[in-house]
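Asker: Can you keep this structure in mind? I'll have questions shortly.
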Amino acid sequence: MPRLDEHFWSCSCTTRGRHKSNLSAGTARLTEKVGDMLNPSVPSPSLVLVGQGAISTETTDRNRNTNTKSNNSRAPSNSWHHHLVQRSVVLFAVGVFLALVLNLLQIQRNVTLFPEEVIATIFSSAWWVPPCCGTAAAVVGLLYPCIDSHLGEPHKFKREWASVMRCIAVFVGINHASAKLDFANNVQLSLTLAALSLGLWWTFDRSRSGLGLGITIAFLATLITQFLVYNGVYQYTSPDFLYIRSWLPCIFFSGGVTVGNIGRQLAMGIPEKPHSD
């Protein structure tokens, strides 16, 4: 009998212990869930780590995209400036060469007279003529394609180097005619050269921007030449248009059209200037 009572007592005690332990475990779980529900703003360590990883990955991607865009924007800009310098150098060299050849022809035919103290023995011309003509050629050659792009009228008439070379040959011929053709008076010579200059524009240009820029260049260059001759820098023989010859604006007009065609041809195939958003 004592053994049986002890057996039942031990069984009941064990059952009660297990029941109490289960209740305490369930209570702890319930308390933890209630605490989580009452404090939703407190994230768990695992969620914090995952969130930090996502934020760092997103930040890295944004920085990478920003660096890629900045590098892509710098590359066209550098390429555009590089082409601009190359075109300027080529146009300057063309202007210097044409100035040396054509001015030498004018001096040999006694059309243009320089004082003896400013004549250089190497070029048989004043030292300042080639650099001034080279700078003017660079400005005009860069201005023509720039005006075309701003007007939205890209020049596509006879866009080939063979046409440009023929235009240069015609321009040299017009300048040669101004020095060697003998007319009864300067008016007939001026009208002939004006017709030849307009024919050069019609044959190799035919654009409104080319015609307008050619007339503007002829007007400005004629004013500058009048100012130089008035101040005694050099002079023309038999002047009939104030201090210069009346056919000189025709030479400036045809020269502007010729250099403009060279500048347009050099500008073909270059990258466009990048725009900043």
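The numbers here are math on the coordinates, done by the rules we state, and not lab data. Because the structure is predicted, anything quoted here is derived from the model rather than measured. Backbone-built Cβ (ideal geometry, glycine too); neighbour counts: all protein chains shown.
Asker: With no solvent and one point on each alpha carbon, what is the Debye value of log10 I(q)/I(0) for segment 80-269 at q = 0.09, 0.12, 0.13 Å⁻¹?
Answerer: After summing over all Cα pairs, the log10 values are -0.32, -0.57, -0.67.
Asker: I'd like the trypsin sites (Lys or Arg not before Pro) in segment 161-241 restricted to DSSP loop residues with at most 16 other Cβ atoms within 10 Å, sorted by number.
Answerer: Here the trypsin sites (Lys or Arg not before Pro) that fit, given the DSSP loop and packing criteria, are Arg206.
Asker: Compare the peptides 158-164, 182-188, 108-114, 133-139 by average per-residue count of other Cβ atoms within 10 angstrom and give them in order, highest first.
Answerer: 133-139, 108-114, 158-164, 182-188
Asker: I've got another one for you. Can you give the extra length, in nm with one decimal, that the chain gains between Asp240 and Leu113 once fully stretched, where that is 0.36 nm per residue apart less the Cα-Cα distance?
Answerer: 44.2 nm
Asker: Would you mind calculating the relative contact order of segment 80-269 from Cα pairs under 8 angstrom and at least 6 residues apart, reporting the percent as a whole number?
Answerer: After rounding, I find 31 percent.
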